[in-house]
Amino acid sequence: MGGWFRKCYQVKDGRLEQELFGIRFPNPVGLAAGFDKDAKLYRELSNFGFGFIEIGTVTPKPQIGNPKRRLFRLKKDNAIINRMGFNNEGVAAAVRRLEENPGVIIGGNIGKNKVTPNDEAVNDYLLCFDVLFEHVDYFVVNVSSPNTPNLRELQEKEPLTRLLNQLQFENAKRDHPKPILLKIAPDLSNDQLLDIIEIIIETQLDGVIATNTTISREGLDSNNKEEAGGLSGKPLNKRSTEVIRFLSENSNKAFPIIGVGGIHSAQDALNKLEAGASLVQLYTGFIYEGPALIKSINKAILNA
């Protein structure tokens, strides 16, 4: 069955390959974190033509996440609101499944447990980093989910710099350090984004993923628009692209950016690449548009 899906959806062409932070990606279209939280489906999902799969967010200990219902389709808006709350089986469970990886490029998105206070959060990130290290190709530090209480406070300059420096210190001890990226919220001000640029350069981080979900509800028409949580999908498209462009231009392209947020068409992906992204990721667009979107984006890149 996997061979049939690969035949239908994969686009193999050397012109799509890209080397970024020491990894050769077969194509620039990835699956964002949150879809395969526990690394249960990455092999099957890779058959749809993704160039890489990001698992997680994983936390040190298993946690059930927020009370259900916690995931809502906004059909009129081509959007989703979720307040999952880092529901996952814990980092050790993900590692057991990643040991069977047949060669899929994997990103490990790491976070803290809900019960861990922010002043101890660095220990959670370091534990996940250590346990996952041999099983992923790159790391993503998630401090931007709106669904874990007070998590976004870790995006502030001082705690974020401290966290990233600690991770880089541990990374430097390894014979072959792994790329570490930061995933940021779309709700940051321009001043905060300038701080992010300064922090990335100061801590010598490998790149940024822009962006996570938004807490904004501007312009929505669906019945579920007042539900609490992070909004993803088409309404996020414009803002996430603005953030990519701002980071790229104001850093003078000092670091790679993975663009994610509201990609529902090949043109949406091309716009993010034009704004300064090197790679893109899908989540809500993959749910609404299906796996043909991946093929469509890769073909559009070849024809651009």
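FYI, it's all coordinate maths here, none of it is from the lab. Everything quoted here is computed from the prediction, not taken from an experiment. Here the Cβ is made from the backbone with ideal geometry for all residues, glycine too, and neighbour counts use every protein chain on show.
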Would you look at the GNM of the chain, springs on alpha carbons closer than 10 Å, and say which of Lys75, Lys40, Lys178 moves the most? Lys75
If you work out Cα Rg over 2.2 N^0.38 Å from the coordinates, which of [x] 1.00; [y] 1.17; [z] 0.92 do you get? [z]
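Percent relative contact order of region 41-100, based on C-alpha pairs within less than 8 angstrom and at least six residues apart? Walk me through the intermediate numbers first.
Working: 63 pairs, mean separation 20.9, N = 60.
Averaging sequence separation for qualifying contacts and normalising by length gives 35 percent for region 41-100.
Taking the number of other C-beta atoms within 10 Å as the exposure measure, put Ser251, Ser216, Ser189 in order starting with the fewest.
Working: Ser251 19, Ser216 14, Ser189 8.
Result, fewest neighbours first: Ser189, Ser216, Ser251.
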Cα pair distances in region 182-243, grouped into 10 Å bins until the bin that holds the longest one, percent each: 20, 47, 24, 8, 1
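Of Lys12/Lys238; Lys68/Lys299; Lys61/Lys238; Lys157/Lys238; Lys178/Lys225, which sit over 32 Å apart, Cα to Cα? Don't skip to the answer; put the middle values down first.
Numbers: Lys12/Lys238 30 Å; Lys68/Lys299 39 Å; Lys61/Lys238 36 Å; Lys157/Lys238 25 Å; Lys178/Lys225 39 Å.
Violating the 32 Å Cα-Cα cut-off are Lys68/Lys299; Lys61/Lys238; Lys178/Lys225.
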Restricting to bridges with both residues inside the chain, how much of the DSSP beta-bridge set is antiparallel, in percent to the nearest 5? 30 percent
Over region 16-152, what is the relative contact order in percent, taking alpha-carbon pairs closer than 8 angstrom and at least six residues apart? 23 percent
